[in-house]
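The values are calculated or read from the model by the stated rules, or taken from the named source; none is laboratory data. Note that the coordinates shown come from a computational prediction; the quantities given were computed from them, not determined experimentally. Don't worry about glycine lacking a Cβ; one is built from the backbone with ideal geometry, like all the others, and counts go over all protein chains shown. The accessibility values were calculated without ligands, DNA or RNA, using every heavy atom of the protein model including side chains. Shrake-Rupley method; radii C 1.70, N 1.55, O 1.52, S 1.80 Å.
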Amino acid sequence: MVKRKYLISFFFLFFSNLCFARVYIDIEAPGQEKIPIAISYFVGERKIALEARTILQKDLEYTGFFEILKPETFLEEKPTLEVDFKKWQLIGAYLLIKGQIKILEKDLEIKLYLYDVYKGIKLLGKRYEGKINFLRYMIHRFSDAIIEILTGKPSIFQTKIAFVYEEKNTKEIYITDFDGYNFYPLTRFKNICLSPRWHPKGNKLLFTSYKKGRPEVYLLDLKKPEVIRLIHYPGLNISPAWSPDGEYIAVTLTKAGYQGIYLTDNKGKVIKCLVRSKGINVSPTFSPDGKKIAFVSDRSGSPQIYILDIASGKIRRLTFEGNYNTSPAWSPKGNYIAYSGMRDGHFHIFVIKSDGSEIKQLTYDEANHESPSWSPDGHFIAFSQNGKIYILRMADGCKFPVLPKLPGRQTQPNWSPYLR
Amino acid sequence: MKKKILLIFGLIIFLGCAKKPLVTVAPPVEEVPTVEEKEKPAKKVEMQKTPTIEEMPPVSGITEEKITEEKISAEELIRKQLAEEIKRFEAEDIHFDFDKYNIRPDAAEILKKKAEWLLKNPQVHILIEGHCDERGTEEYNLALGERRANSAKRFLVNLGVDPERISIISYGEERPLDPRHCEEAWAKNRRCHFIVIKY
């Protein structure tokens, strides 16, 4: 009986915790209603306070979780840190954000608070101090903290996207914040660089380059920073992929005329051959548990996606619809694989459950949508559409261009892990 | 005596008279040879001082040119002919169907000619570049381009060409011949290009 009581109370605790986590936003539930949120004007120097508020608003809009209330409806007369919950209840806000910005001698001090208007409680309070030009990053941190409180996991506000940028017949690896700010080149090889791949820790990138005349795999250390020619066997050295622990690399090599996917250590030394056949074997992507690899092969006569169980060596075909399916990307949770497939002459982004059931088409424009890459929270997919990078919100299919004004072709986006 | 003096005088006059026309007509005749005689030795001296500069060079120059032209032409003809052959060899690409890397019959004919030429010129080493059209992802096309180059290599090797003489590289969709986005351009871009790297 005592045991049972314990069990019940444990269960109750567990369940109530779960309830708390899910009170606000259940990520898994499709078509969830948006939460009305008010972002009060921030106290402090007007220009910077407005800029900070705009950044925060855009961040929250990205998620699609919120209905952001118009400031015209606010009943507060001027910015204040004091909270009169009734004033916010009256305009229909469920959540409220308040903030204060102070310019210190050299730095900026930002205090931000998140309130539950109906319960009348503070959910979150944060103080940031940093250089004025890091304003965006301080706000992004708070945005992530908000989403983490509401969903249990941070969003994408502290992530970056690496991509291939084409200019004057060269392709270089570039990097940008998720929202298109702060983009710059990582390579200046004046050559062809392809297939950037973030290390799971976010401090390194693998990519393919023709720097020495033929495709080889390079490792870029962002912290040092330096570039190492890592995998350079005779023949092809392309489409590298990190194992989830960052200890191994799967890469396409050609040996004795056969194309295969090989497992190497993190120095590029071949450990074993994973897949080999007469035809094409390319674009491996690890499952999040590191036990499987999805890859592209033409062994059936057309490019299709296959899954290899590394321990047993068993291979099964995943895609059967369409006769050109390529570029698989395993979702962070492991339940889906995104890929690019041709339908009616155009490439579109699809997701398929890793057991092969339930295919969903995510893009419909008459354009080519290629190289999908998941955000670390699994809520977004980045891809290239006719030479521009877009991100697509899984919840509702909304699409945003990341760098619409950058003139050259942008391809092969690769979303970083959390960079915190 | 007076007669003798007169005669002599007369003779002198006569001679003098006779000499005058002689003098007026003859002097150029007589003088020219003397002038020539005087100038010739002078010229000889000059020639000895600065030999061959005025007269020899153009003469010897012309003959030298003719000789060298004749001497080089044999080697250069071979070289020129080889250059022509290399140009022809490199000018002809083979083409593939979309997403395919099997050798089409039209490509087989071209490869047979190429193999024949390679067997005739065993010193030649070549590079086969595999290319794709822009459709499909970059990575898949890199893999596909490699398969195309590999197919062409295997075809040549089967016809007796030493595999050591053939290198391959894939450029995927990175180096299109025709940058347009239509079937006509794509058909041109799905190709193997051949380059002579050693001869």
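Results, tabulated for the structure shown:
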| quantity | calculated |
| --- | --- |
| Positions within segment B:121-156 being within 8 Å of chain A (Cβ to nearest Cβ), open to solvent by less than 20 Å² (accessible area, probe 1.4 Å), over 20 Å from residue A:207 (Cα atoms) and charged (D, E, K, R), in sequence order | B:147 |
| Hits in segment A:235-250 - residues which are assigned to a strand (DSSP E or B) and away from chain B (no Cβ under 11 Å) | A:242, A:248, A:249, A:250 |
| Qualifying residue in segment A:186-197 (condition: more than 13 Å from every other protein chain (Cβ to nearest Cβ), touching a residue at least 24 places away in the same chain (Cβ under 8 Å) and part of a loop (DSSP other than H, G, I, E, B)) | yes |
| Of residues in segment B:157-199 being closer than 30 Å to residue B:122 by Cβ and part of a helix (DSSP H, G or I), the one farthest from the other protein chains (Cβ to nearest Cβ) | B:165 |
| Condition check for residue B:73: without any contact (Cβ under 8 Å) to a residue 60 or more places away in the chain, of a type in the set (Gly, Ala, Ser) and in contact with a Lys or Arg (Cβ under 9 Å, 6 or more places away or on another chain) | no |
| Residue within segment A:322-335 that is more than 14 Å from chain B (Cβ to nearest Cβ), out of contact with any His (no Cβ under 6 Å at 6 or more places or on another chain), within 25 Å of residue A:153 (Cα to Cα) and of a type in the set (Phe, Trp, Tyr) present | yes |
| Answer residue from segment A:289-317, given it is in a loop (DSSP other than H, G, I, E, B) and buried (at least 21 other Cβ atoms within 10 Å of the Cβ) and is nearest to the other protein chains (Cβ to nearest Cβ) among those | A:303 |
| Hits in segment A:220-247 (condition: in contact (Cβ under 8 Å) with a residue 40 or more places away in the chain and not acidic (Asp, Glu)) | A:220, A:227, A:238, A:239, A:240, A:241, A:242, A:243, A:244, A:246 |
| Residue A:106 modelled with pLDDT under 95, among the basic types (Lys, Arg) and in contact with a strand residue (DSSP E or B) (Cβ under 9 Å, 6 or more places away or on another chain) | yes |
| Subset of segment A:29-45 [open to solvent by 70 Å² or more (accessible area, probe 1.4 Å) and within 21 Å of residue A:137 (Cβ to Cβ)] | A:45 |
| Selection within segment A:43-77 - closer than 13 Å to residue A:100 by Cβ and without any contact (Cβ under 8 Å) to a residue 60 or more places away in the chain | A:43, A:44, A:45, A:46, A:49, A:53 |
| Odd one out for residue A:286, checked against (1) at pLDDT 95 or above; (2) within 12 Å of another protein chain (Cβ to nearest Cβ) | (2) |
| Pair list, Cβ < 9 Å and 6+ apart or interchain, from segment A:337-361 residues that are within 12 Å of another protein chain (Cβ to nearest Cβ) and outside any strand (DSSP E or B) to residues that are open to solvent by 30 Å² or more (accessible area, probe 1.4 Å) and not small (Gly, Ala, Ser) | A:345/A:366; A:345/B:135 |
| Evaluation of residue A:261 against (1) part of a strand (DSSP E or B); (2) open to solvent by 10 Å² or more (accessible area, probe 1.4 Å); (3) within 14 Å of chain B (Cβ to nearest Cβ) (one fails), failing number | (2) |
| Single residue of A:370, A:366 found to be assigned to a loop (DSSP other than H, G, I, E, B) and touching a strand residue (DSSP E or B) at 6+ places or on another chain (Cβ under 7 Å) | A:366 |
